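Report on the following structure.
The values are calculated or read from the model by the stated rules, or taken from the named source; none is laboratory data. Just so it is clear, the structure is predicted and the values come from calculations on it, not from any experiment. A quick note on method: Cβ atoms are made from the backbone with ideal geometry, for glycine too, and the neighbour counts reach across all protein chains shown. Surface areas here come from the heavy atoms of the whole protein model, side chains and all, with no ligands, DNA or RNA. Shrake-Rupley method; radii C 1.70, N 1.55, O 1.52, S 1.80 Å.
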Amino acid sequence: MALHHGVLSLVLLAVVLVVRVESGKNWALVVAGAKDYQNYFSQACSCHAYDTLRNNSIPKENIVYMSYDDVANDPENPVKGNIVNVAGGPNLYPRCKPDYRRKEVTPEVFLKVLTGDKEGVKELIGRDGKVIASGPDDHVFVYMIDHGGPGVFYFPGFVELHNKDLNNALKQMHREKKYKEMVLYVEACESGSMFEGILPEDINIYAISSTNSHESGIMCCWDKLRKVYVGSYFGNAWTYNTDTANLLKETLYQQYEVVKKACNVSGSVSHPQQYGNLSMNSEVLAQYLSKAEGYQSGVCLNTLEVDNTLRSEFSFAGIDLNNPATDMVPIATAARRLIESRDLSDEKQEELKAELRHLMLVKEKAESLTKDLVKAALSSPRGLAETDILTGKEQVFNSECYMAARSLFSARCPGINMGKYPFARRNLHAFINLCNHQPQTDVMNAIMQVTGKYGICQVL
Ligand SMILES: *[C@@H]1O[C@H](CO)[C@@H](O)[C@H](O)[C@H]1NC(C)=O
Ligand SMILES: *[C@@H]1O[C@H](CO)[C@@H](O)[C@H](O)[C@H]1NC(C)=O
Ligand SMILES: *[C@@H]1O[C@H](CO)[C@@H](O)[C@H](O)[C@H]1NC(C)=O
């Protein structure tokens, strides 16, 4: 036994020491899922990722970038034509022109691009578009960043990409031999739920999510000039790490350790996860993030690493204003703008106060409405404690009920728009839990009954 073990380790060591970047082409798909100025981080991190991949010699024709592209020239942006990923950082915008912009950035187009369906793209958008035209020897890398929720990743306008549709597309690509190996980095609240229990382990795909299946991501990098969060711990950690690491030496696992460490922020930890074929952990980053022939180590921004000095206590209503949870971005942004508004007119300050009050009101009402809703749905008791339903983080077992409940809620309560107010989405866990334990009719009746009693439901 001991001898066998020794021999095996020697063999493994030999394999690990020979850095082998396989031939075949590299392809990459980068997606910013958000629009609107306050979601600056989504276009900033993705623009940085695009630039990083280009600088590591992934050819332009092999990278597809999807971004709504409204942030750089938004009227609220004081520095037009400019996107940074850390306050004081270089302007990344001139080098990241999206291949799909504005209303072309949808889950349908994304899935067609990913699966290399050029005809399908044309049908959807009425023009030819770049797709991932990869083959059986190729390596594909995907990075997507935005808000998320249980089992969903959002596209501009809060259009949902469902975990099932993403994984079906991946399985289809495997069947059609559209890659040798594929790596996905998905950054969004609850992004683990895009893969947990769904991504097969035997289709040569490896995925890292920025959070587990039931927690929020964390923002970083408040920019006083731009008055928005310009980065996130996960996004900034992997891109800056890639800019400075030796990609022929660092492995996927080592980068996973880097992002895990970066997301362990005092007070607000998120837990990046790995899914799929974990044997791929030992592969070097160059396999996916650079076209090895042209790769030059040392092409990098001066090391603007995630800034640890900003990790101090500074909060509003329990929300950490240096490192807010991603779904708290609207509130944290409004609070910081107000705190830093001394030089603004009284009128402008009043506007900021009103906005913050409204956001807090929506948050409180969403919480109390959910409590009432749970109470109503449990009115024929089945030995379930209200607190378990309100605080539990179960997986979606009854997705039919959950989807129906969400649609009914949006129709009945446009005032608590879960897209516009991402923090309200935390209450969706109660919907999931209810649907797992109560008959669908009880859940639907409770939504009908309770939403009618809340005036805020109708206030847009
Ligand atoms: C996982 O990936 C490794 C490396 O590419 C491969 O050798 C192995 O067969 C894969 N495992 C499964 C279960 O597909
Ligand atoms: C987070 O960091 C703390 C302090 O450095 C450490 O004790 C803890 O184990 C870390 N947690 C995770 C999940 O890595
Ligand atoms: C990419 O290369 C350009 C030109 O050398 C450089 O200005 C830019 O900072 C690089 N971007 C990154 C993310 O390293």
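Values for this structure:
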{"read-out": "The range 62-107 - residue that is acidic (Asp, Glu) and in contact with a helix residue (DSSP H, G or I) (Cβ under 6 Å, 6 or more places away or on another chain) and, of those, most open to solvent (accessible area, probe 1.4 Å)", "value": "Glu76"}
{"read-out": "Residue count for the range 320-374, restricted to those that are of a type in the set (D, E, K, R) and free of Cβ contacts under 8 Å to residues at least 24 places away in the same chain", "value": "12"}
{"read-out": "Qualifying residue in the range 37-44 (condition: over 21 Å from Gly129 (Cβ atoms) and open to solvent by 30 Å² or more (accessible area, probe 1.4 Å))", "value": "yes"}
{"read-out": "Residues being crowded, with 24+ Cβ neighbours inside 10 Å, over 24 Å from His174 (Cα atoms) and not hydroxyl-bearing (Ser, Thr, Tyr) - total across the range 199-218", "value": "2"}
{"read-out": "Output for the range 239-276, where each listed residue is within 16 Å of ligand 2 (Cβ to nearest atom) and assigned to a helix (DSSP H, G or I)", "value": "Tyr253, Gln254, Gln255, Tyr256, Glu257, Val258, Val259, Lys260, Lys261, Ala262"}
{"read-out": "Verdict on Gly419 being modelled with pLDDT under 95 and in contact with a strand residue (DSSP E or B) (Cβ under 8 Å, 6 or more places away or on another chain)", "value": "yes"}
{"read-out": "Selection from the range 243-274 of residues that are within 16 Å of ligand 1 (Cβ to nearest atom) and open to solvent by 30 Å² or more (accessible area, probe 1.4 Å)", "value": "Tyr253, Gln274"}
{"read-out": "Number of the condition not met by Arg127 [criteria: (1) part of a loop (DSSP other than H, G, I, E, B); (2) open to solvent by less than 40 Å² (accessible area, probe 1.4 Å)]", "value": "(2)"}
{"read-out": "Residue match in the range 220-237 (condition: of a type in the set (A, V, I, L, M), within 16 Å of ligand 2 (Cβ to nearest atom), in the same structural domain as Phe41 (by TED's automatic domain parsing) and within 17 Å of the chain's Cα centre (by Cα))", "value": "yes"}
{"read-out": "Options Asn82, Asn62, Asn55; residue that is without any contact (Cβ under 8 Å) to a residue 12 or more places away in the chain and assigned by TED's automatic domain parsing to the domain that holds Gly148", "value": "Asn82"}
{"read-out": "Qualifying residue in the range 224-242 (condition: farther than 17 Å from Val84 by Cα, surrounded by fewer than 19 Cβ atoms within 10 Å (Cβ to Cβ) and not acidic (Asp, Glu))", "value": "no"}
{"read-out": "Matching residues in the range 36-82 - criterion: being aliphatic (A, V, I, L, M) and over 18 Å from the mean Cα position of the chain (by Cα)", "value": "Leu53, Ile58, Ile63, Ala72, Val79"}
{"read-out": "Residue match in the range 277-290 (condition: within 16 Å of ligand 2 (Cβ to nearest atom) and buried (at least 22 other Cβ atoms within 10 Å of the Cβ))", "value": "no"}
{"read-out": "Looking only at the range 397-416, and only at residues there that are open to solvent by 60 Å² or more (accessible area, probe 1.4 Å) and not small (Gly, Ala, Ser), the one that is farthest from Ile456 (Cα to Cα)", "value": "Phe397"}
{"read-out": "Some residue of the range 207-228 being within 24 Å of Arg426 (Cβ to Cβ), part of a strand (DSSP E or B) and within 16 Å of ligand 3 (Cβ to nearest atom)", "value": "yes"}
{"read-out": "Residue check, Tyr179 crowded, with 24+ Cβ neighbours inside 10 Å and more than 30 Å from Met219 (Cβ to Cβ)", "value": "yes"}
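A quick yes/no check of all residues on (1) within 16 Å of ligand 3 (Cβ to nearest atom); (2) among the hydroxyl-bearing types (Ser, Thr, Tyr):
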{"residue": "Pro200", "(1), (2)": "no, no"}
{"residue": "Tyr240", "(1), (2)": "yes, yes"}
{"residue": "Glu257", "(1), (2)": "no, no"}
{"residue": "Ser270", "(1), (2)": "no, yes"}
